[in-house]
Amino acid sequence: PVDLVATATDAWETADTRRGTLETAVDGGDVLADEERLRQLLENLFRNAAEHGGDDATVTVGSLADGSGFYVADDGPGIPEAEREQVFETGYTTTADGTGFGLNIVGEIVDAHGWEIRVVESEDGGARFEITGVESA
């Protein structure tokens with residue numbers, strides 16, 4: 001069992017999120033996961049939001065309404081629908097100094113846990129990563 005809010009807060013502290021803001025909207029809190037890998041997943045999503053959403057990006061970690069998992073959403077420019085599947089491919093990047101490994105690693109962590117991930121538009125028009133198949137502890 002891993003406390004999702006505590007892990008997200010810790011990951012926020014160590015990820016380069018510049019002057020961004022983390023918000024949480026989690027019902028319950030503990031999920032069955034490898035804590036280190038979950039933290040890495042969150043750090044990578046937080047860095048991605050800061051990189052693409054700007055220095056003052058707001059990122060929200062919350063529970064999915066149907067209870068099947070959680071999401072990480074930002075208020076940045078979002079990901080065009082045609083590119084949403086590609087973002088998890090090794091080497092895919094839209095920045096000159098990007099490595100293309102961050103979201104690929106997120107995909108690998110999701111797969112290793114037996115979860116699924118999809119990208120949709122957030123309420124603020126940014127990116128929203130929905131991780132499903134997550135068991136509550």
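The values are calculated or read from the model by the stated rules, or taken from the named source; none is laboratory data. Note that the structure is a prediction, hence the values are computed from the model and not measured. Quick reminder, even Gly has a Cβ in these numbers, built from the backbone with ideal geometry, and neighbours come from all protein chains shown.
Structure above, values below:
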quantity	calculated
Residue in segment 87-117 that is modelled with the lowest pLDDT, counting only those that are surrounded by fewer than 14 Cβ atoms within 10 Å (Cβ to Cβ) and not β-branched (Val, Ile, Thr)	Ala96
Pick from segment 6-19, criterion of a type outside the set (D, E, K, R) and within 13 Å of Val59 (Cα to Cα), ranking: surrounded by the fewest Cβ atoms within 10 Å (Cβ to Cβ)	Thr9
The listed residue being among the small types (Gly, Ala, Ser), assigned to a strand (DSSP E or B) and in contact (Cβ under 8 Å) with a residue 40 or more places away in the chain, out of Ala112, Ala49, Ala73, Ala33	Ala73
Any hit, segment 32-51, residues being at pLDDT below 95, closer than 21 Å to Val110 by Cα, surrounded by fewer than 20 Cβ atoms within 10 Å (Cβ to Cβ) and in contact with a strand residue (DSSP E or B) (Cβ under 8 Å, 6 or more places away or on another chain)	no
Filter result for Glu23 (surrounded by fewer than 16 Cβ atoms within 10 Å (Cβ to Cβ) and assigned to a helix (DSSP H, G or I))	no
